[in-house]
Amino acid sequence: MVFSSSRRHWISAVRLAISLFGLPLTTSTPGASSIGTMSSPACPHVKSRCPQYPESTIKRFTVPEDKVDWDEKWPQYSPVSHTAPAVLNKPIWADPDIGSFSPNFNAVDGLVDRSSFEGQYKVENGKPLNPRGRTGLTGRGLLGRWGPNHAADPIVTRWKVDASGAKIHHSASKKPILQFVSIKRRDCGEWAIPGGMVDPGEQVSLTLQREFSEEALNSLSLKQSEKEDIHKRIQKLFGSAGFQVYKGYVDDPRNTDNAWMETVAVNFHDEAGNSVSELPLQAGDDAGQVQWVDVDSSFSLYASHSHFLELVARERKAHW
């Protein structure tokens, strides 16, 4: 089944029991709070059609809004083919080219999960088709996997407080201000939620912890004594109940007709401000900079991250 660009996404925000030991995510119990229905963006497939493909001089074939849907007949469609040299060099995180192997799409293929949060996607001429429609570019671009490339985004928040520890309220909305840990990506210079790819066979809960530790706390370069302190604080925060903000397709500029990003975004909130809030942030891995940033609609973020923060603010009854 192919999904049209106008498809609404009904995402239930559920309370999770997430631990450092990779316990499965569980649905909410009766009485748990809910984010409610997430409305589809007016154009849910915009950054995936950006004119110039990231980290290249490649120009996409222009796809107007009325031609995004695969069900829309368009014989003139002539997308550009592009797979980045870094992917063609066959790193461990990338698939071989189609023809040299036979992936099992729409299923868990060995340790690689090729199923989509969007449901069944179409496979044409041996290649998967983006469930949100045309992008103006075929191949894998910068993405390693044919089909869905699964990621996890940990949204770590705290309240903005004054010297006495009292919550600071926004002058316009009169609501308390949330802050979240944001990184500045090295590849594009945009601010984003720290996150990364789910390794084959890895529990999402472990990906969330690992990516936050590596990108926001630079855990890979710390001394053993420092790692132990970080581990205790991370365990306190990530071992608490969080909630799943979003699970699905990501409107990412790296997407192509045959490869696309999907994510699970989970909010971990340091209510008392005494776990990771007290740790000095240090950029590592793919992050150029890292800092606590006020959650606000005016702050521009990478891919669909602004929408994730909007959902968190709504859940926490905070300023947006």
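The values are calculated or read from the model by the stated rules, or taken from the named source; none is laboratory data. Quantities reported herein were computed from a predicted structural model and do not represent experimental measurements. Reconstructed Cβ throughout: ideal geometry from the backbone, glycine too, with neighbour counts over all protein chains shown. Remember, those area values only see protein heavy atoms, side chains included, never the ligands or the DNA or RNA. Shrake-Rupley method; radii C 1.70, N 1.55, O 1.52, S 1.80 Å.
Computed quantities for the displayed model
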{"quantity": "Test: residue in segment 47-54 that is surrounded by fewer than 17 Cβ atoms within 10 Å (Cβ to Cβ) and farther than 23 Å from residue 186 by Cβ", "calculated": "no"}
{"quantity": "Segment 250-293: number of residues that are part of a loop (DSSP other than H, G, I, E, B), farther than 29 Å from residue 50 by Cβ and either open to solvent by 10 Å² or more (accessible area, probe 1.4 Å) or among the aromatic types (Phe, Trp, Tyr) (or both)", "calculated": "8"}
{"quantity": "Restricting segment 238-265 to residues that are touching a strand residue (DSSP E or B) at 6+ places or on another chain (Cβ under 8 Å) and more than 20 Å from residue 151 (Cβ to Cβ), the residue that is modelled with the lowest pLDDT", "calculated": "241"}
{"quantity": "Tally, over segment 294-305, of residues that are surrounded by 19 or more Cβ atoms within 10 Å (Cβ to Cβ) and either among the hydroxyl-bearing types (Ser, Thr, Tyr) or on the phi < 0 side of the Ramachandran plot (or both)", "calculated": "4"}
{"quantity": "Residue in segment 198-206 that is in contact (Cβ under 8 Å) with a residue 12 or more places away in the chain, surrounded by fewer than 19 Cβ atoms within 10 Å (Cβ to Cβ), at positive phi and assigned to a loop (DSSP other than H, G, I, E, B) present", "calculated": "yes"}
{"quantity": "Qualifying positions in segment 92-116 - touching a helix residue (DSSP H, G or I) at 6+ places or on another chain (Cβ under 9 Å) and open to solvent by less than 50 Å² (accessible area, probe 1.4 Å)", "calculated": "94, 95"}
{"quantity": "Residue within segment 219-237 that is part of a loop (DSSP other than H, G, I, E, B), at pLDDT below 80 and among the polar types (S, T, N, Q) present", "calculated": "no"}
{"quantity": "Some residue of segment 178-194 being touching a Lys or Arg at 6+ places or on another chain (Cβ under 7 Å) and either modelled with pLDDT of 95 or more or buried (at least 24 other Cβ atoms within 10 Å of the Cβ) (or both)", "calculated": "yes"}
{"quantity": "Number of the exception - residue 210 against (1) surrounded by 22 or more Cβ atoms within 10 Å (Cβ to Cβ); (2) within 19 Å of residue 239 (Cα to Cα); (3) out of contact with any Leu (no Cβ under 7 Å at 6 or more places or on another chain)", "calculated": "(1)"}
{"quantity": "Given (1) among the charged types (D, E, K, R); (2) in contact (Cβ under 8 Å) with a residue 40 or more places away in the chain; (3) touching a Lys or Arg at 6+ places or on another chain (Cβ under 9 Å), index of the condition residue 153 fails", "calculated": "(3)"}
{"quantity": "Hits in segment 268-307 (condition: hydrophobic (A, V, I, L, M, F, W, C) and more than 28 Å from residue 222 (Cβ to Cβ))", "calculated": "299, 303"}
{"quantity": "Selection count, segment 294-317, where residues are outside any loop (DSSP other than H, G, I, E, B) and among the aromatic types (Phe, Trp, Tyr)", "calculated": "1"}
{"quantity": "Tally, over segment 117-170, of residues that are among the aromatic types (Phe, Trp, Tyr) and either surrounded by fewer than 20 Cβ atoms within 10 Å (Cβ to Cβ) or closer than 26 Å to residue 315 by Cβ (or both)", "calculated": "2"}
